[in-house]
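Asks: My structure is below; once you've seen it, I'll send some questions.
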Amino acid sequence: MKEAARQARSESRVIGLVPTMGALHAGHLSLIKRAKRECSPVIASIFVNPKQFGPNEDFSKYPRAFDSDSEKLQRAGVDALFAPEPREIYPDGYSTYVNVDGLSDRLEGSSRPGHFRGVTTVVMKLLQIVQPNFAYFGRKDAQQSRLVTQMARDLNLDTEIVVCPPVREPDGLALSSRNVYLNADERKAATVLYRALEAAKSELAAGVRDALQLQAVIQRTLGAERHARVDYAEIVDAESFEPIVRVSKPCYVLLAVFIGKTRLIDNLYLEPKSPDSEELVFHF
Ligand code: AMP
């Protein structure tokens, strides 16, 4: 992979990298489409990163679909697929980690200790191996894309991090490789995340700015779904990911909800239409 990337760099080509854990869906393919518009070659990686899974999480049962993934990537016009084995990425004696302090400890980081340290470490390694001009991430994982952007800035990386909007099913459910865990009842129930974000949007559109009031509406929507158990539902500043009291700056409504045994996350990004405007723009 390093040799191929070095070759592309020596020809002054613009390299795009799309890191994934495989079990590819239209969300992943949207990142590839965007990368194809801006880069050549486009390199996709598939690596189910053991270091970002907790001991009681789903590393061993995480969906793996290498053959159909590589077909999808070929059809999408990806120039190269990098799919290393865990032992190549973490050989015996591996001992270097990258951690973004503070930001890594909240929300997803607090629910999944060590998760983001695993994410930033593997992303740093992928960026070192490929040294792309652009790397593409999904805003569906809002905190992750924020962390990777922070890491690239803090460590003076030559890669620009591009954050792309989430792709959803027609009923609003954000596409995720983990959606395959849901049975038919749970699949129906899983729309409750989107419904809760919609409920928050309605309140905001009606002028509500108080975070507690918004949270109450979100909790009521989530609480009405018997398959749902809330991990967190927070309204946070889009830069710091610290909870806010009143919506006035760009922020996220962030949800992490168990549907049965499957933990799903989703978010709504919102920002004032212009710096002094009371009017908000919503990005699902
Ligand atoms: P994953 O394979 O789940 O690690 O995801 C790989 C990349 O795809 C990450 O940058 C994710 O944020 C992004 N991604 C996952 N789901 C979606 C989606 N529904 N829409 C857009 N991007 C997504």
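The values are calculated or read from the model by the stated rules, or taken from the named source; none is laboratory data. Owing to the predicted nature of the structure, the values given are computational and were not obtained by experimental measurement. For neighbour counting, all protein chains shown are included, and Cβ atoms are generated from backbone atoms with ideal geometry for every residue, glycine included. Heads up: the accessible areas ignore ligands, DNA and RNA and are worked out on the full protein's heavy atoms, side chains in. Shrake-Rupley method; radii C 1.70, N 1.55, O 1.52, S 1.80 Å.
Asks: Just for the range 111-139: of the residues that are more than 11 Å from the ligand (Cβ to nearest atom) and among the hydroxyl-bearing types (Ser, Thr, Tyr), which one is surrounded by the fewest Cβ atoms within 10 Å (Cβ to Cβ)?
Replies: Ser111
Asks: Checking the condition assigned to a helix (DSSP H, G or I), farther than 18 Å from Ser110 by Cα and open to solvent by 60 Å² or more (accessible area, probe 1.4 Å), which residue from Gln219, Gln215 passes?
Replies: Gln219 is the lone residue from the list that is assigned to a helix (DSSP H, G or I), farther than 18 Å from Ser110 by Cα and open to solvent by 60 Å² or more (accessible area, probe 1.4 Å).
Asks: Could you check, for the range 147-155, whether at least one of its residues is under 27 Å from Arg6 (Cβ atoms), in contact (Cβ under 8 Å) with a residue 60 or more places away in the chain, within 15 Å of the ligand (Cβ to nearest atom) and not aliphatic (A, V, I, L, M)?
Replies: no
Asks: Quick check on the range 49-98: of everything there that is of a type in the set (Lys, Arg) and without any contact (Cβ under 8 Å) to a residue 24 or more places away in the chain, which residue is nearest to Gly16 (Cα to Cα)?
Replies: In this case the residue turns out to be Arg75.
Asks: How many residues, within the range 156-171, are free of Cβ contacts under 8 Å to residues at least 60 places away in the same chain and either within 14 Å of the ligand (Cβ to nearest atom) or in contact with a Gly (Cβ under 7 Å, 6 or more places away or on another chain) (or both)?
Replies: Within the range 156-171, residues that are free of Cβ contacts under 8 Å to residues at least 60 places away in the same chain and either within 14 Å of the ligand (Cβ to nearest atom) or in contact with a Gly (Cβ under 7 Å, 6 or more places away or on another chain) (or both) number 5.
Asks: Of everything in the range 225-266, what is open to solvent by 60 Å² or more (accessible area, probe 1.4 Å), over 27 Å from Asp58 (Cα atoms) and not in a strand (DSSP E or B)? Give them in sequence order.
Replies: If the condition is that a residue be open to solvent by 60 Å² or more (accessible area, probe 1.4 Å), over 27 Å from Asp58 (Cα atoms) and not in a strand (DSSP E or B), then Glu239, Glu242, Val245, Ser248, Lys249 are the ones that fit.
Asks: Something else about it: Scan the range 72-118 residue by residue and report those that are aliphatic (A, V, I, L, M) and over 16 Å from Gln128 (Cβ atoms).
Replies: Leu73, Ala76, Val78, Ala80, Leu81, Ala83, Val100, Leu103, Leu107
Asks: Here's another thing I want to ask about it. Which is over 24 Å from the mean Cα position of the chain (by Cα) and either within 30 Å of Met151 (Cα to Cα) or among the basic types (Lys, Arg) (or both), of Lys273, Lys249, Lys261?
Replies: Lys273 is the lone residue from the list that is over 24 Å from the mean Cα position of the chain (by Cα) and either within 30 Å of Met151 (Cα to Cα) or among the basic types (Lys, Arg) (or both).
Asks: Which ones in the range 170-207 are assigned to a loop (DSSP other than H, G, I, E, B) and buried (at least 16 other Cβ atoms within 10 Å of the Cβ)?
Replies: Listed by number, the residues that qualify are Gly172, Leu173, Leu175, Ser176, Leu182, Ala190, Thr191.
Asks: So for the range 54-77 (the condition being within 19 Å of Arg146 (Cα to Cα), outside any helix (DSSP H, G or I) and open to solvent by less than 50 Å² (accessible area, probe 1.4 Å)), does at least one residue qualify?
Replies: No, the range 54-77 contains no residue that is within 19 Å of Arg146 (Cα to Cα), outside any helix (DSSP H, G or I) and open to solvent by less than 50 Å² (accessible area, probe 1.4 Å).
Asks: Hey, another quick one. Identify, please: which residue in the range 28-41 is of a type outside the set (Ser, Thr, Tyr) and within 14 Å of the ligand (Cβ to nearest atom) and is, among those, most open to solvent (accessible area, probe 1.4 Å)?
Replies: By that ranking, first place goes to Lys33.
Asks: Follow-up question, since we're still on this one. Open to solvent by less than 50 Å² (accessible area, probe 1.4 Å), modelled with pLDDT of 95 or more, more than 8 Å from the ligand (Cβ to nearest atom) and among the hydrophobic types (A, V, I, L, M, F, W, C), is that true of Ala142?
Replies: Criteria met by Ala142.
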